[in-house]
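Please read the structure below before turning to the comments.
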């Protein structure tokens, strides 16, 4: 009679089996979360941005962290509009806000390239007497070497943000002092909750009677309120528009991160949408601390499992 074959008693320790099983189980939710985040990025960003918007609209007092005040939505307004942020020292976001839940209006800026793609005559000198043939960041866009000499108001959805001037007593505000970068991505909420992605593309000067805020390119204004309602001389007077800027180098698409030579608004806005959504999600997670805590807990659980597994082995 042949002898039975005896298997080694420690050919596959039970501890090692459970260790591998635990690692596999941990990987499943991580992979699912990554897939979910990629699929739902736009929805998550829109929801968080809308929540942020309504928090501001429901405020009964002025903003907590006011960086500069004394600005006007129009020459006839009270001059109680401010640049606000989530911190006075190192903010991650900056926006324009008035009193009792008011935000900003929307005037139209026609500065930049004229006679280019999309020019339908709505930015004529007659309609926009303060038109200038260049924007404040003309040199920056030229440094990208992307084939355009400046922004095109009909194509690029840019926001006029910050105020400069040499008149006596003129109110000024420099977003760069607080970390915003030229041509960085911005989020605009307008037209009953519509989200439009733009860039910081120009600065308010002192060519008017008062230091005003709330001005955008005709491309952005049209995206918010339609071609029939927007010209170089006609914008939107309601004070419920949110202009949200992001600080830091990460918010800048640079020469290769945006379709600067797009022939229309849709082509350019689509190219910066992903960056804008990522900045919204990062901004809200940094303010709440939720994402960082989640990552910390996940890493802690992983370390415990690793230690337990090796102790059993």
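General observations
- Inter-residue pairs, beta-carbon under 6 Å, first modelled with pLDDT under 95 and in segment 267-289, second part of a helix (DSSP H, G or I) and surrounded by fewer than 20 Cβ atoms within 10 Å (Cβ to Cβ), 6+ apart: 284/48; 285/291
- Residue in segment 184-203 that is farther than 19 Å from residue 269 by Cα and in contact (Cβ under 8 Å) with a residue 40 or more places away in the chain present: yes
- Filtered by the rule that a residue be within 22 Å of residue 79 (Cα to Cα) and surrounded by 22 or more Cβ atoms within 10 Å (Cβ to Cβ), segment 138-170 gives 159, 160, 161, 162, 163.
So that you can scan it fast, the table gives a plain yes or no per residue for (1) touching a strand residue (DSSP E or B) at 6+ places or on another chain (Cβ under 6 Å); (2) surrounded by fewer than 16 Cβ atoms within 10 Å (Cβ to Cβ):
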position	(1), (2)
60	no, yes
64	no, yes
67	yes, no
73	yes, no
82	yes, no
85	yes, no
95	yes, no
98	yes, no
101	no, no
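- Some residue of segment 32-53 being in a loop (DSSP other than H, G, I, E, B), out of contact with any helix residue (DSSP H, G or I) (no Cβ under 9 Å at 6 or more places or on another chain), at pLDDT 55 or above and closer than 17 Å to residue 239 by Cα: no
- Which numbered condition residue 255 fails, given (1) farther than 29 Å from residue 56 by Cβ; (2) at pLDDT below 95: (2)
The values are calculated or read from the model by the stated rules, or taken from the named source; none is laboratory data. The structure presented is a predicted model; accordingly, all values stated were derived computationally and were not measured. Heads up, the Cβs are rebuilt from the backbone with ideal geometry, glycines too, and the neighbour counts pull from every protein chain shown.
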